[in-house]
Structure formats: C-alpha cells, structure tokens
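K.L.:
Can you read through this structure? Questions will come right after.
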Amino acid sequence: MQNTASILKILLVVLVIFIIIGYTYYRTKDFISGPIITILSPVNGFTLSNTLIEIKGTAKNISYISINDRQIFTDEAGFFVEKLLLHPGYNIISIKASDKFDRKIEKTLELVYKDETSKSDEVPLVSEEPKQKPQEIKTIIDNIDPSTFNQDTGKEEELLNSVELLN
C-alpha cells in the first residue's frame with residue numbers, strides 16, 4: 001500500500017511538471033518562433049492592369065514592419081492594408097519585419113504592371129463584311145408595316161438582326 005502511494009505521488013509530480021512545461025511552451029512559442037509575415041493579396045508573380053494596388057496581410061510577433069523601407073502599421077490582430085502605386089513593367093516590393101529581439105524576416109513580392117489603356121497602333125482587322133449593307137437595311141425598315149407587329153410575320157426578327165448589324 002505504501003509502495004502504491006509513493007508511485008502515485010511520483011506520477012502526480014511528473015504530470016504537474018509536464019503540465020507546467022507544456023503551458024510554458026504554449027505561452028512562449030510565438031516569441032520563440034520570431035516574426036511571421038503572411039501576404040494575403042496580391043499573389044506573388046501576378047500581372048496587374050491597375051497601377052494602384054492594395055497589399056493585404058498579417059504580421060505576428062513584430063515590433064516593426066515596413067514596405068519598401070517605409071514603416072507601416074498593423075491593427076490589434078496584426079492585419080495590415082497598404083496602398084501602393086506600381087511602375088509600368090516589373091515591380092519588386094519588399095516587406096520587412098523585426099521583433100523586439102531584433103530577429104528579422106523579409107518577404108518579397110514580384111508583380112508586373114501591364115498598362116491595358118496604352119495599346120499599340122494596331123488596327124483591328126475585319127474578318128468578314130456585314131451580311132447586309134446599310135441601304136438594304138433602310139429598305140427593310142421602310143417596308144415594315146407597323147400594323148403587322150401584332151402578328152407573327154417573322155419581320156420583327158429580321159428587323160432586330162438588321163439593327164444588330166448597325167451596331
């Protein structure tokens with residue numbers, strides 16, 4: 001009986017020690033791991049057609065964070081949103097963070113800005129001529145009797161097709 005009681009005491013002490021070690025690790029794992037940056041948008045390597053972008057992400061365990069060496073700020077949950085103008089072509093955006101122990105991390109975004117509005121002097125090619133010429137369409141429209149619109153004559157569809165060709 002005395003042997004069982006001493007084994008239970010030893011097991012209880014070992015269990016309490018493991019609980020203390022586990023709780024200590026749980027409370028300090030964020031400090032041990034260092035700063036963490038997660039970029040939510042835009043995706044690295046993405047091609048964009050808008051010069052103004054929003055960089056969204058989260059940062060944990062940081063005391064300082066910057067985008068292209070310009071300090072930014074996070075909310076209480078570590079979320080950040082920053083607007084940035086892109087240059088035409090290839091852009092490299094550097095996001096750096098450090099914690100209070102001066103451990104550093106850097107993430108790099110590589111984005112391509114392709115201006116959709118500045119097209120080259122290409123002339124679009126017309127692959128086929130319209131089926132009906134404007135004069136033929138005017139003749140069709142002039143020959144339609146308005147009183148026949150309540151009847152199913154098929155001319156309504158012909159008129160709609162002719163108007164679509166004008167557009």
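K.L.:
Considering the stretch 68-86 alone, what residues qualify as being in contact with a Leu (Cβ under 7 Å, 6 or more places away or on another chain) and surrounded by 13 or more Cβ atoms within 10 Å (Cβ to Cβ)? Before you say what the answer is, go through the steps one by one.
P.N.:
Narrowing the stretch 68-86 to residues in contact with a Leu (Cβ under 7 Å, 6 or more places away or on another chain): 83, 85-86.
If the condition is that a residue be in contact with a Leu (Cβ under 7 Å, 6 or more places away or on another chain) and surrounded by 13 or more Cβ atoms within 10 Å (Cβ to Cβ), then Leu86 is the only one that fits.
K.L.:
Checking the condition more than 22 Å from Asp102 (Cα to Cα) and among the β-branched types (Val, Ile, Thr), which residue from Thr4, Thr28, Thr38 passes? Break it down into steps so the answer makes sense when it comes.
P.N.:
On the way: Thr28 fails: more than 22 Å from Asp102 (Cα to Cα); Thr38 fails: more than 22 Å from Asp102 (Cα to Cα).
Exactly one residue qualifies, and that residue is Thr4.
K.L.:
Surrounded by fewer than 16 Cβ atoms within 10 Å (Cβ to Cβ), out of contact with any Ser or Thr (no Cβ under 6 Å at 6 or more places or on another chain) and not hydrophobic (A, V, I, L, M, F, W, C): which single residue out of Gly89, Gly34 fits that description?
P.N.:
Working: Gly34 fails: surrounded by fewer than 16 Cβ atoms within 10 Å (Cβ to Cβ).
Testing whether each residue is surrounded by fewer than 16 Cβ atoms within 10 Å (Cβ to Cβ), out of contact with any Ser or Thr (no Cβ under 6 Å at 6 or more places or on another chain) and not hydrophobic (A, V, I, L, M, F, W, C) leaves just Gly89.
K.L.:
Mind telling me which of the residues Thr74, Thr108, Thr148, Thr153 ends up being under 23 Å from Val43 (Cα atoms) and either at pLDDT below 60 or touching a Phe, Trp or Tyr at 6+ places or on another chain (Cβ under 8 Å) (or both)? Walk me through it before giving the result.
P.N.:
Details: Thr108 fails: either at pLDDT below 60 or touching a Phe, Trp or Tyr at 6+ places or on another chain (Cβ under 8 Å) (or both); Thr148 fails: under 23 Å from Val43 (Cα atoms); Thr153 fails: under 23 Å from Val43 (Cα atoms).
Going through Thr74, Thr108, Thr148, Thr153 in turn, just one is under 23 Å from Val43 (Cα atoms) and either at pLDDT below 60 or touching a Phe, Trp or Tyr at 6+ places or on another chain (Cβ under 8 Å) (or both): Thr74.
K.L.:
Which of the residues spanning the stretch 93-105 are surrounded by fewer than 17 Cβ atoms within 10 Å (Cβ to Cβ) and at pLDDT 95 or above?
P.N.:
Going through the stretch 93-105, the residues surrounded by fewer than 17 Cβ atoms within 10 Å (Cβ to Cβ) turn out to be 94, 100-104.
Within the stretch 93-105, just Ser94 meets the criteria.
K.L.:
Select, from Ile39, Ile93, the only residue that is under 22 Å from Lys114 (Cβ atoms) and in contact (Cβ under 8 Å) with a residue 60 or more places away in the chain.
P.N.:
On the way: Ile93 fails: in contact (Cβ under 8 Å) with a residue 60 or more places away in the chain.
Exactly one residue qualifies, and that residue is Ile39.
K.L.:
Restricting to the stretch 68-114, what's the tally of residues that are part of a strand (DSSP E or B) and farther than 23 Å from Arg27 by Cβ? Show your work before the answer.
P.N.:
Here is the first cut: in the stretch 68-114, the ones part of a strand (DSSP E or B) are 70-71, 79-85, 89-98, 104-113.
Now restrict to residues that are farther than 23 Å from Arg27 by Cβ: 70-71, 80-85, 89-96, 104, 106-113.
Going through the stretch 68-114 one residue at a time, the tally reaches 25.
K.L.:
Looking at the stretch 53-67 only, could you name the residues that are in a strand (DSSP E or B) and over 13 Å from the mean Cα position of the chain (by Cα)? Break it down into steps so the answer makes sense when it comes.
P.N.:
First, pick out the residues of the stretch 53-67 that are in a strand (DSSP E or B): 53-60, 64-67.
The answer is Thr58, Ala59, Lys60, Tyr64, Ile65, Ser66, Ile67.
The values are calculated or read from the model by the stated rules, or taken from the named source; none is laboratory data. In this text the structure is predicted, and so the values were computed from the model without any measurement. In this analysis, Cβ positions are derived from the backbone assuming ideal geometry, glycine residues included, and neighbour counts consider all displayed protein chains.
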